[in-house]
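For reference, the structure is listed below as structure tokens.
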Amino acid sequence: MELVTLQGRVKTDNPLLRLSSRDNVAVARANLNAGDNLTFEGAALRLLDNVSMGHKVAVQDIPGGANVYKYGEDIGTARRFIPRGEWVHTHNVRFDVKDRDWAFSTNVSNLSDIPLAEPRTFLGYPRADGRVGTRNYIAVAGASNCAAHAVSEIEAFFRNEDFSGTNIDGVMCFPHGDGCGHSEGPDTEQLRRTIDGVMNHPNVAAAIIVGLGCEVNQISYYLPEGGNGFRRGFTLQESGGTQNVVQDGAKAIREMLDQIGKLERVETAVSKIILGTNCGGSDGFSGITANPALGYCSDLLVKLGGASVLAETPEIYGAEHLLTRRARSREIGEKLLQKIVWYKEYVARFGGSFDDNPSPGNKAGGLTNIAEKSLGAAIKGGTAPLDGVLDYAERISTSGFLFMNTPGHDPQSLTGLAAGGSNIMIFTTGRGSAIGFPTIPVIKVSTNSKTYNNMRGNMDINAGTIADGEENIRQVGERMYRFLIEVASGRRTFAEQLGHREFVPWRIGPVM
């Protein structure tokens, strides 16, 4: 399955979209009523049910037990005979997708059909380690839940500070509910990776870490040997309580401000952009408009030497066979499958399955099961070769198209991408998910014009113009790329203006 191409299919008199000639279902562009007599691909079609925008209609008779196809791929089987014109959804489709046809490195693109985009530079903050920030923050992180209030109070100390003319974007805290009651091992290691990743980040010029002093997650883990004027640590026990540690933390930040404020943006190659891609509140249009357009934007960036990171392991299940074919090597493809196996075992410990993923909102938006959702979600990765597979919050140190093992739940997924070093993110949504991140600009893209018009104060880009027939995928992808460069250079997204700051580490272990 390649990027969905709708040129020639989106017409004002065509209320249904068939995405592949193999499909036996089509997607409703608008709300349709039972009894409507339509003309679909030159033939009469009478609707047997009401069909909401983004939902599917059978455009062929589908025998009971036969495969249902969307995007040219199997998304389940018919529970019973589904006549042409019937609404197709959870009531008549069974989720029993068979094992996919595994292949490795059989579809490795050289992006020859992707042009070299303009602009090829942005204005960013170069860091000593070679990375480049799109923002210039001071971070205040808690080592554990016991320090959560203190770090919030340290940030509050600077909330009304006027940083205009200083090139400082602000002081941002990272409180959370973990850090103690952990067993040593993968759970604690992942939390440490996550907190260290948001402190040692290209968008962060300096950071302090605050703990109680006796938690499992000690602040010493985050403090370099020999000291560092731009990485400081304090505990409530050593400072003498909450009020004193807030004063100590604020004093340390005050000592950093003057030097950090002198940093300036410089012209930098777009190869320094690390793009995190995510989708949430998905609907039936996600895999038709915003996600393929983001895939094209991703390809434009990768061709210029940047990095683009796809995440959300539960939301590639059912589409992973398409990614293994794009793996640069068999080893990379097998590593991706190992993440799927690990996640399946992880979910099974709690009696769940991957098909628990589509939320009520996803289903109301037209997505029947996880296979359909994943096929539309994986398109965010464009067509570039898969160059690497990362653990949650693992440092992103290579360019190209990469995959990170994260949950499908938006806050944890964004947190993993952020901790890995993504310096900018694009988030697509059909239902209007409101989310952001403390120190990273998050560009919100609506999959349909209805949501965009209803939530103009949240959505930066409308990809619904594709389904409306006003633009094609490449045009929206190019527009998305240009907006990406503007934001990387300092333009503020709606999520930033609204003060979104969702930071939720992914806890995988037991509470002790």
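Measuring nothing but how far apart in sequence close Cα pairs (under 8 Å, 6+ apart) lie, relative to its length, the chain scores a relative contact order of 18 percent. Less than 5 angstrom separates the built amide H of Asn31 from those of Met53, all sequence-distant by 5 or more or on a different chain. Across 5 Å bins from 0, what is the distribution of all Cα-Cα pair distances for region 82-186, in whole percents? In whole percents, the pair-distance histogram is 2, 8, 8, 8, 8, 9, 8, 9, 13, 12, 8, 5, 1, 0. With helices as the sole contributors, the chain gives -8000 deg cm²/dmol at 222 nm; each DSSP H run of n ≥ 4 counts as -39500 (n - 2.57), and the sum is divided by every residue.
Restricting the count to DSSP beta bridges whose residues both fall in the chain, what percent are antiparallel, rounded to a multiple of 5? In the chain, DSSP labels about 40 percent of beta bridges as antiparallel.
Each Lys or Arg adds one and each Asp or Glu subtracts one; over the other residues with Cβ under 10 Å from the Cβ of Thr235, this totals -3.
For region 302-457, the per residue solvent-accessible surface stands at 29 Å², with DNA, RNA and ligands left out and a 1.4 Å probe. Charge tally around Val309: other residues with Cβ under 13 Å, Lys/Arg +1 each, Asp/Glu -1 each, net -2. The GluC sites (Glu not before Pro) of region 402-506 meeting both criteria, a DSSP state outside H, G, I, E and B (loop) and at most 13 other C-beta atoms within 10 angstrom of the site's C-beta, are Glu470.
Distance from the C-alpha centroid of region 211-262 to that of region 376-446: 30 Å, rounded to the whole angstrom. Taking Cβ atoms as reference points and 15 Å as the exclusive limit, the residues near Ala364 contribute a net charge of +3, counting Lys and Arg as +1 and Asp and Glu as -1. Between helix 473-488 and the chain there is an angle of about 10 degrees, using the helix long axis and the longest principal axis of the Cα atoms.
For the pair Phe81 and Glu486, the difference between a 0.36 nm per residue extended length and the Cα-Cα distance amounts to 140.7 nm. The long axis of helix 410-420 is offset from the longest Cα principal axis of the chain by roughly 50 degrees. Pairs from the list Lys272/Lys363; Lys303/Lys450; Lys98/Lys303; Lys335/Lys363; Lys373/Lys444; Lys373/Lys450 with a Cα-Cα gap above 27 Å: Lys272/Lys363; Lys303/Lys450; Lys98/Lys303; Lys335/Lys363. Among the chymotrypsin sites (Phe, Trp or Tyr not before Pro) within region 287-359, those in coil by DSSP and having at most 10 neighbouring Cβ atoms inside 10 Å are Phe350.
Please grab the % of Cα pairs in the chain that end up more than 36 Å from each other. Pairs farther apart than 36 Å: 33 percent. When its C-alpha radius of gyration is set against 2.2 N^0.38 Å (N residues), region 10-124 gives a value of 1.39. The alpha-carbon of Lys251 sits under 23 angstrom from the alpha-carbons of these lysines, leaving out residues fewer than 8 places away in its chain: Lys262.
Among the trypsin sites (Lys or Arg not before Pro) in region 58-99, those placed in a DSSP loop whose Cβ has at most 10 other Cβ atoms within 10 Å are Lys98.
Using per-residue counts of other Cβ atoms within 10 Å, averaged over each peptide, order 233-241, 299-307 from highest down.
Result, highest mean first: 299-307, 233-241.
Using a probe of 1.4 angstrom, how much of the accessible area of the chain is carbon and sulfur, in percent? C and S atoms contribute 47 percent here.
Expressed as an acute angle from 0 to 90° and rounded to the nearest 10, what is the orientation of the C-alpha long axis of helix 330-348 relative to the principal long axis of the chain? Compared with the principal axis, the helix lies near 90 degrees.
Ordered by 1.4 Å accessible area with all protein chains kept, Lys335, Lys450 run largest first as Lys450, Lys335. Global dimensions of region 222-370 from alpha-carbon coordinates: Rg and Dmax equal 22.7, 58 Å.
The values are calculated or read from the model by the stated rules, or taken from the named source; none is laboratory data. Only a predicted model underlies this, so the values are computations on that prediction, with no experimental measurement involved. Note that we place each Cβ from the backbone using ideal geometry, even for glycine, and neighbour counts take in every protein chain shown. Only protein heavy atoms, including side chains, enter the accessible area calculation; ligands, DNA and RNA are left aside. Shrake-Rupley method; radii C 1.70, N 1.55, O 1.52, S 1.80 Å.
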